[in-house]
1. Can you match Rg and Dmax of the Cα atoms in Å to one of these, [x] 14.6, 46; [y] 15.9, 53; [z] 15.2, 43, based on a calculation from the structure here?
2. For every other residue with a beta carbon closer than 15 angstrom to the beta carbon of PRO87, add +1 if it is Lys or Arg and -1 if Asp or Glu, then tell me the sum.
3. Taking H placed 1.01 Å from N in the peptide plane, check which residues at least 5 places from TYR38 or on another chain put their amide H under 5 Å from its amide H.
4. Give the separation of the Cα centroids, region 8-42 to region 67-128, in Å.
Amino acid sequence: MSTVTEWALRPALPDDVEAIAELRAVVMRPDLERLGRYDKHRVRQRLRDAYAPEHTSVVEAGGAFAGCVTLRPAEDGWWLENFLLSPGLQGRGIGSAVLHGLLARADAERATVRLIVLRGSAARRLYERHGFALEREDPIDVFLVRGPARRPVTEGLAPRTYRMGGAT
């Protein structure tokens, strides 16, 4: 599979909610079905109910909607949520590049980043490659945490455009 290098993040808009909800249903379906938790309405409604465009960025690849990521403020840093990428673009380096940029920002701010991934999800390997470690788990969810790196990561950022919450 080839690597896609032309991608960008843009601030999410309220109107992006339905595209993101649909992508969430597609991306999460295999893991939710495996766990016996898939409900085609609930998977979309949970996104709609929690959607925070002010903390969300939309991933565009080749000028088209490709995914999203939310960084919600927390007491000691951020919660990384709704990190979704179109299945056809997974495995091409976009997710790693987006995550690398977000973590560079977290490191510069000395912020801890937490996230929840479904048990057995392949996404866990991506997060662990980027320094996340197990905090706790339950029968459905795995809670991962990453403290700030000693030296902020500043080189090798792949995005052509990176903008989230006012950062450029």
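1. Calculated Rg and Dmax of the Cα atoms in Å: the matching label is [z].
2. Working: positive: ARG24, ARG29, ARG92; negative: GLU22, ASP31, GLU33.
Around PRO87, the surrounding residues sum to 0.
3. The answer is GLU33.
4. Using only Cα atoms to place each centre, the spacing works out to 15 Å.
Computed from the coordinates by the stated procedures, all read-outs in this text should not be read as laboratory data. Small disclaimer: the values here were computed from a predicted structure and weren't measured. Please note: Cβ atoms are built from the backbone with ideal geometry, for glycine as well, and neighbour counts cover all protein chains shown.
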